[in-house]
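**Q** Below you will find the structure I want to go over with you.
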DNA sequence: TCTAAATATTTTATGTTTGTAATATATCGC
DNA sequence: GCGATATATTACAAACATAAAATATTTAGA
């Protein structure tokens, strides 16, 4: 019998399910805190929204560009949604849609040269902001939490597929 | 000199700033994965949105109700936004606005009896879902991550105040 | 004390992002 | 070719952010 079960038997006010709930609330609060910082800085320093930056980051990872569906999958955002974000980036001439010859249903989205060069500047600043905000996390801690969160996401996705 | 700096000197492909960036991306991905699960379950099982649930949860923590501004602060959501969410909850008769005698600028928002009783049912299910999703986190791990995330939020808030 | 400026609280206005559902078009399997 | 599937867009409503406006309170100064 572990410490937690013993604690519950003694009527402790902190059963494991409450602790997990607290963990979730902290996870949520941290994400929101970081997101709102990023959002504000991207807006004031670079006049771009966070979702738009996220799209550009996904595109920057592959030279040939990626499809709308793949974009939606990577950003964990509905596909109907990606359309609007890409539309605005296209209007700014930061990305472009290419019709691939193989499949006329889909579009390949790519960074324009202008988009790529702007992105590299913004990404550098972005990395610096994150580095500052997460400065208390050392290498070992970071890797440990990363692997735990990966496990969490796998579990949630499996659950999702089941339902 | 620590391991990380040594690794950087040898030209390692994983400097600490990249690790922190990865940590941030995992944090974001996990939150989104959990959020989308919660959102879907709240919608299908209880016909309520996640933000509406969040508001009810904040209200449930204090019997006397709280002001719009306090609600906005706790949810980390803009105040202009809370108005709409509360409006919808008022329309459903789950919460009500009360004008306090002391300060006629503000409103106290409270759960109605109907809201309180519905919330307690939903909250129970919610806690179970979280418990399942975070099942891989034990008590010690959870507390450790919680305290690290608390530190992170403090740091981000301090940074925010400075700028 | 009394009034004007500063501050606080909320709502409204506008635009972007989000989700779900429905639709249009293209591809694939049979 | 035809039905099932895949890809993207459109339609609609909720949620979000920022900024401005409306109202109430507090503070400071004459």
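**Q** Can you compute the FRET efficiency between residue B:44 and residue A:63 using 1/(1 + (r/R0)^6), with r the Cβ-Cβ distance and R0 = 30 Å? Round to the nearest 0.05.
**A** With a Förster radius of 30 Å, E is 0.15.
**Q** For helix A:139-162, what angle does its Cα long axis make with the longest principal axis of chain A, in degrees from 0 to 90 and rounded to 10?
**A** It works out to around 80 degrees.
**Q** Still on this structure: Tell me what the protein assembly as shown gives for mean residue ellipticity at 222 nm when only DSSP H runs of n ≥ 4 count, each as -39,500 (n - 2.57), the sum divided by the residue total, rounded to 500 deg cm²/dmol. Before the final figure, lay out each step's value.
**A** Details: 14 runs with 230 residues, N = 326.
When only DSSP H runs of four or more count, the value is -23500 deg cm²/dmol.
**Q** Follow-up question, since we're still on this one. Simple spin-label model, 7 Å along Cα-to-Cβ: residue A:127 to residue B:35 in nm?
**A** 2.6 nm
**Q** Along each of the three principal axes of the Cα atoms of the protein assembly as shown, give the extent in whole Å, ordering the values from largest to smallest.
**A** Principal-axis extents of the protein assembly as shown (Cα, largest first): 59, 48, 46 Å.
**Q** Along Cα-to-Cβ, 7 Å out, sits the label point; list in nm, shortest first, how far the one on residue B:101 is from those in the other copies.
**A** Label point to label point, same position, other copies: 8.2 nm.
**Q** In addition: To the nearest 10 degrees, how steeply does helix B:16-46 sit against the main Cα axis of chain B, on a 0 to 90 scale?
**A** 30 degrees
**Q** Let me ask another. Go from 0 up to the bin containing the longest alpha carbon distance in region B:6-96, width 5 Å each, and give me the % of pairs per bin.
**A** With 5 Å bins starting at 0, P(r) equals 3, 11, 16, 16, 14, 11, 7, 6, 5, 5, 4, 2, 0.
**Q** Here is a follow-up. Determine the relative contact order of region B:13-158: mean sequence separation of Cα pairs under 8 Å and six or more apart, normalised by residue count, in whole percent. Walk me through the numbers before you get to the answer.
**A** On the way: 100 pairs, mean separation 27.5, N = 146.
Relative CO of region B:13-158 lands at 19 percent.
**Q** Further question: Taking residue B:157 in one copy and the same position in all the others, each labelled 7 Å out along Cα→Cβ, what are the pairwise distances from the first, in nm, shortest first?
**A** Values, ascending and in nm: 3.4.
**Q** Just to confirm the numbers: residue A:127, label point 7 angstrom along the Cα-Cβ line, distances to the other copies in nm, shortest first?
**A** So the label point of residue A:127 gives 4.4 nm to the other copies.
**Q** Please arrange A:86, B:140 by how many other C-beta atoms lie within 10 Å of their C-beta, fewest to most. Numbers along the way, then the final one.
**A** Details: A:86 21, B:140 12.
Placing the least packed residue first, the sequence is B:140, A:86.
**Q** As I understand it, the value is the acute angle between the Cα axis of helix A:50-60 and the longest principal axis of the Cα atoms of chain A; what does it come to in degrees, rounded to 10?
**A** On a 0 to 90 degree scale, this one is about 70.
**Q** Taking beta carbons within 10 Å but only from partner chains, what does the mean come to for residues B:35-43? List each step's numbers first, then the result.
**A** Numbers: counts 5, 5, 5, 2, 0, 2, 1, 0, 0.
The per-residue average across the peptide is 2.
**Q** Let me know the Rg and Dmax you get for chain B when you use only its Cα atoms, in Å.
**A** For chain B, the Cα radius of gyration and maximum Cα-Cα distance read 20.4, 68 Å.
**Q** I would also like to ask the following. When Cβ neighbours within 10 Å are restricted to other protein chains, what is their mean count per residue of peptide B:122-132? The partial results should precede the final answer.
**A** On the way: counts 0, 1, 0, 0, 2, 6, 1, 4, 8, 8, 5.
Per residue, the number of nearby Cβ atoms from other chains is 3 on average.
**Q** In addition: Give the chain A residue with the shortest beta-carbon distance to the rotation axis relating chain A to chain B, plus that distance as a whole number of Å.
**A** Of all Cβ atoms in A, the one closest to the rotation axis yields A:31, 2.
**Q** Among B:44, A:49, which comes first, then next, by fewest other beta-carbon atoms within 10 Å? Before the final figure, lay out each step's value.
**A** On the way: B:44 9, A:49 15.
Arranged by neighbour count, lowest to highest, B:44, A:49 become B:44, A:49.
**Q** Where does each of A:109, A:55 land when they are ranked from fewest to most other beta-carbon atoms within 10 angstrom?
**A** Numbers: A:109 22, A:55 27.
Placing the least packed residue first, the sequence is A:109, A:55.
Each value in this text was obtained by applying a stated rule to the coordinates, not by laboratory testing. What you see is a predicted model, and the numbers here were worked out from it, not measured in a lab. As a convention, Cβ positions derive from the backbone with ideal geometry for all residues, glycine included, and neighbour counts pool all protein chains shown.
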